[in-house]
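Let me begin by handing over the structure; questions about it come next.
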Amino acid sequence: MRARPPTLRDKKRYVLAAIEPCYTEIDPRQMYYALFDVVSSLFGDVGAGRIKMTVISCDKGYVIARCIRGTEAQVETAMAALTSVDEHHIALRTLATSGTLHGLKGCIRTLPTLAEGGVCMIEGQDYTAFHLPLEKVDLFMGNKDQERLYFTEDDLEEF
Amino acid sequence: MIATDACVYPYPAGDSSIRRMALEARKLGFDSIVCAGAPESSEVAGVRVLAGVIISRSNMKEVISAVRKEGRHAEIIMVNAGEERFNRSVVSYHGIHILRGISHVKRGFDHVGAKTAASSGVAVDFDLSEIIQKNGHARQKVLSCYADILRLQRHYGFRLTLSGGAHSYLDLRSVRDMTNLCALFGMKKDEVAEALANVGRLLSPEQVVEVIR
């Protein structure tokens, strides 16, 4: 099939969102399925067909979704309604919308590194502490897929 | 207070501490949050943390005694909605700030309740976690309930508040996200902004200006 002339092509928009927690690794395909599920649940088959949402990339703590121009707000709504992907409890924080992928690159920052800060005990349970910028501390019980607590360094001093 | 999340559940009810919730709330555009079960009000990282209490009782007599007991240290007193008559009594009682969980009951809020809420200054809360967490038929019922209450609000002018019902900092939603989610049941941008500012208005209600000579 020959490519359409530019004037007859659909105008697209790219939506950039940060994945929280930033260290969560998600397969782009799983992200697409989860987002598409929310889009079709919120806006129905007709809406999902009109939005034509696809996930362009899902890597290094950021996800970029593409949609038809004028439906960015609906994609942002779907991102706000997404709570988990592949059994990972996550949140998507929309950062920017642009007509080109190049326009979004300025909003992408390098991921902070997780610094392991030893083991601490909270209510009789051992948690491994990982330090993040802004005095944030994520506590993992056992491996990273088990129970988590999200504290700050000031909170740890109180325990 | 310009933007307040009307109810979050910090640790131990949730998995994030009050400070972590406040840090995230500031990043998401809020200047204050109401923490259910917080021992006292405070200010963390430029975000005002208001101590809130949620009262869940089946009759008004128990609610009044709970307001006297539990509401002593809380700045915001919220009551979980029940059947229609109970809700009418709740919104007419001046010691209560917010009626929440209105979508849990069928036909729990009508025009009489709306008129009473408007005159007594008690707000009705829209919990957006009900839209986020639920799916299919349950979500449709919540959306239609909120649209119905919004129609009453536009007519009678009682106060609305918006809450994320977050048990984790991951469940907090930004002001922009809340605006988008509220658009699902027909709430406009300026109505969302007003609802977000209503917690501040509940704490310092408008009064008649008196001229002292």
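The values are calculated or read from the model by the stated rules, or taken from the named source; none is laboratory data. Treat the numbers as computed from the prediction; the structure is a model and nothing was measured. Glycine also receives a Cβ, built like all others from the backbone with ideal geometry; neighbour counts cover every protein chain displayed. With ligands, DNA and RNA removed, areas are computed over all heavy atoms of the protein, side chains included. Shrake-Rupley method; radii C 1.70, N 1.55, O 1.52, S 1.80 Å.
Using only the Cα atoms of region B:1-83, build the gyration tensor, take square roots of its eigenvalues as a ≥ b ≥ c, and label the shape rounded, prolate or oblate: rounded if a/c is under 1.5, else prolate if a/b is larger than b/c, else oblate.
The shape class here is prolate.
Of the accessible area of region A:6-105, with the probe set at 1.4 angstrom, what percent is carbon plus sulfur?
The value for region A:6-105 is 48 percent carbon and sulfur by accessible area.
Which trypsin sites (Lys or Arg not before Pro) in region B:48-111 pass both tests, a DSSP loop state and at most 11 other beta-carbon atoms within 10 Å?
Of the trypsin sites (Lys or Arg not before Pro), the ones in loops of region B:48-111 whose Cβ has at most 11 other Cβ atoms within 10 Å are B:ARG72, B:LYS106, B:ARG107.
Still on this model: Under a straight-distance cross-link criterion of Cα-Cα below 19 Å, which lysines are reachable from B:LYS141, leaving out those fewer than 8 residues away in the same chain?
By straight Cα distance, B:LYS141 reaches B:LYS106.
Here's a follow-up. Using +1 on the beta carbon of Lys and Arg, -1 on that of Asp and Glu, and nothing else charged, what's the dipole of chain B about the Cα centre, debye to 20?
340 debye
Quote the total accessible area buried by chains A and B together, excluding ligands, DNA and RNA, probe 1.4 Å, nearest 100 Å².
2600 Å²
Measuring with a 1.4 Å probe in the full set of protein chains, what accessible area per residue, in whole Å², belongs to region B:11-50?
38 Å²
Kindly state, to the nearest 0.05, the FRET efficiency for A:GLU158 paired with B:VAL112, given R0 = 45 Å and r defined as their beta-carbon distance.
With R0 = 45 Å, the Cβ-Cβ based efficiency is 0.40.
Taking only DSSP H segments of four or more residues, each worth -39500 (n - 2.57), what value at 222 nm results for chain A once the sum is divided by all its residues, to the nearest 500 deg cm²/dmol?
Counting only the DSSP helices, I get -8500 deg cm²/dmol.
Let me make sure I get this right: for region B:26-141, a, b and c are the square roots of the gyration tensor eigenvalues over alpha carbons, sorted descending. Under 1.5 in a/c it's rounded, otherwise prolate if a/b > b/c, else oblate. Which is it?
oblate
Where a Cα-Cα gap under 14 Å defines reach, which aspartates and glutamates qualify for B:LYS69, not counting those fewer than 8 residues away within the same chain?
none
A:MET1 to A:LEU111: extension gain in nm, 0.36 nm per residue of separation minus the Cα-Cα distance?
So the extension gain works out to 35.5 nm.
Counting only pairs 8 or more residues apart or on different chains, how many lysine pairs in chain A have their Cα atoms under 20 Å apart?
Close lysine pairs found across chain A: 8.
In chain B, what percent of the accessible surface is made up of carbon and sulfur (1.4 Å probe, ligands and nucleic acids excluded)?
50 percent
Roll a 1.4 Å probe over the protein heavy atoms and report the accessible area of A:PHE36 in Å², nearest 10.
Roll a 1.4 Å probe over it and A:PHE36 shows about 80 Å².
For chain A, what is the relative contact order in percent, using Cα pairs closer than 8 Å and at least 6 residues apart in sequence?
21 percent
Let me ask something else. Which lysines have a Cα less than 21 Å from the Cα of B:LYS189, not counting those fewer than 8 places away in the same chain?
By straight Cα distance, B:LYS189 reaches B:LYS27.
Label region A:12-159 by shape, choosing from rounded, prolate and oblate, from the square roots a ≥ b ≥ c of the eigenvalues of the Cα gyration tensor; if a/c is under 1.5 it is rounded, and otherwise prolate applies when a/b is larger than b/c, oblate when it is not.
Prolate shape, in that a/c is at least 1.5 and a/b is the bigger ratio.
Same structure again: Helix-only estimate, please: 222 nm mean residue ellipticity of chain B, summing -39500 (n - 2.57) across DSSP H runs of length 4 or more and dividing by its residues, to the nearest 500.
-12500 deg cm²/dmol, from helical runs alone.
Right, here's the next one. As I understand it, the value is the acute angle between the Cα axis of helix A:72-81 and the longest principal axis of the Cα atoms of chain A; what does it come to in degrees, rounded to 10?
30 degrees
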